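Below you'll find the structure, written out as structure tokens, and then a few comments.
Derivation of every value follows stated rules applied to the coordinates shown; laboratory data play no part. Remember, predicted model here, so these are calculated numbers, not experimental data. Cβ coordinates were reconstructed from backbone atoms using ideal geometry, including for glycine residues, and neighbour counts include every protein chain displayed.
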Amino acid sequence: MPLVVELKGTDLIVNDKENECSIRKLQAMSDVLMDPVFGKTEDEFNAYYMYRSVYQKNDIRFDITLLPSRLIGKEYTKTYGHYHPKPKHQDLAYPEVYQVLKGEAAFVLQNKTKGGGVEVILVKAKEKQVVLFPPNYGHVSINTGQGPLVLSNLVYDKFKSDYSDYKMNKGAAYYYTEDGLIQNTNYVIKSFETTDVYQINKKYGFFSDDLLNEFYKFPEKFEFLKDPDLLSK
Ligand SMILES: [Fe+2]
């Protein structure tokens with residue numbers, strides 16, 4: 001293994017050194033919650049933990065995210081949600097790849113259509129599975145399991161994510177709750193489909209079993225993270 005990465009509680013230890021951690025707290029999530037009042041009135045707690053640049057090469061970084069298992073109001077713990085920008089003179093925004101290292105995840109991916117609506121894809125993933133977030137799809141990661149969810153991701157390091165749509169619309173197009181999926185009425189939903197990791201990866205000709213190892217050994221495999229036009233369609 002290139003690196004020894006170990007999570008001890010909420011400390012991420014990489015080759016015996018503690019990695020920097022940034023924490024998203026409940027109150028900072030209230031704009032994107034189905035129940036924003038919960039975010040403002042409940043006692044503050046750490047919603048989730050982000051460990052960025054655990055490993056980095058060629059302007060692509062490997063991050064880890066830890067989402068504890070708990071309900072936030074009726075919603076399962078989730079990330080804030082964001083879109084990626086597009087490289088200059090391209091129509092495709094930067095994609096991203098995720099792997100479930102531990103636990104069970106659902107990803108709500110959504111793509112803005114010209115008419116002002118969104119096309120939504122729900123992907124569920126289990127431990128070890130890798131999933132491509134295609135260009136132009138904003139994304140939210142949700143812990144749908146009984147225990148902590150640990151995700152890794154590879155992403156181009158030279159852009160800033162755009163959180164504004166999620167803030168303006170009070171979250172993603174769907175809320176993943178203990179009562180099931182609930183549509184967010186701030187969106188016009190043009191289409192909705194549930195798919196699995198194999199189908200979504202296959203559509204773009206992408207397959208991976210182990211993001212960190214493959215990136216460490218063959219970084220050129222992930223050049224499409226910098227240049228989305230390299231992805232087959
Ligand atoms: Fe992202």
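Assign one of three labels to the stretch 109-189, namely rounded, prolate or oblate, based on the Cα gyration tensor with a ≥ b ≥ c the square roots of its eigenvalues; rounded applies when a/c is under 1.5, prolate when it is not and a/b is larger than b/c, and oblate otherwise. The shape class here is oblate.
Rounded to the nearest 500 deg cm²/dmol, what is the calculated helix-only ellipticity per residue at 222 nm for the chain, with -39500 (n - 2.57) per DSSP H run of length n ≥ 4?
On the way: 5 runs with 29 residues, N = 233.
Value at 222 nm, helices only, nearest 500: -2500 deg cm²/dmol.
Scanning residues 5 or more positions from GLY145 or on other chains, those with amide H under 5 Å from its amide H are GLU104, with H placed 1.01 Å from N in the peptide plane. Taking max minus min of the alpha-carbon positions on each principal axis, the chain gives extents of 46, 43, 29 Å, largest first. Normalised by residue number, the volume inside the convex hull of the Cα atoms of the stretch 74-143 is 93 Å³ per residue.
Report D for the stretch 1-73 in µm² per second (integer): Stokes-Einstein, Kirkwood Rh on Cα pairs, 20 °C, 1.002 mPa s.
Rounded to a whole number, D works out at 155 µm²/s.
Taking one quarter of the surface of the C-alpha convex hull of the stretch 23-116 gives a mean projected area of 8.2 nm². Fraction of C-alpha pairs exceeding 19 angstrom in the stretch 167-233: 57 percent, rounded to a whole number.
Shown in residue order for the stretch 61-74 are the 3J(HN,Hα) couplings computed by the Karplus curve 6.51 cos²θ - 1.76 cosθ + 1.60 at θ = phi - 60°: 10, 10, 10, 10, 10, 10, 10, x, 8, 6, 8, 10, x, 9 Hz (x for Gly and Pro). Neighbour counts of C-beta atoms inside 10 Å place PHE218, PHE107 in the sequence PHE218, PHE107, starting with the fewest.
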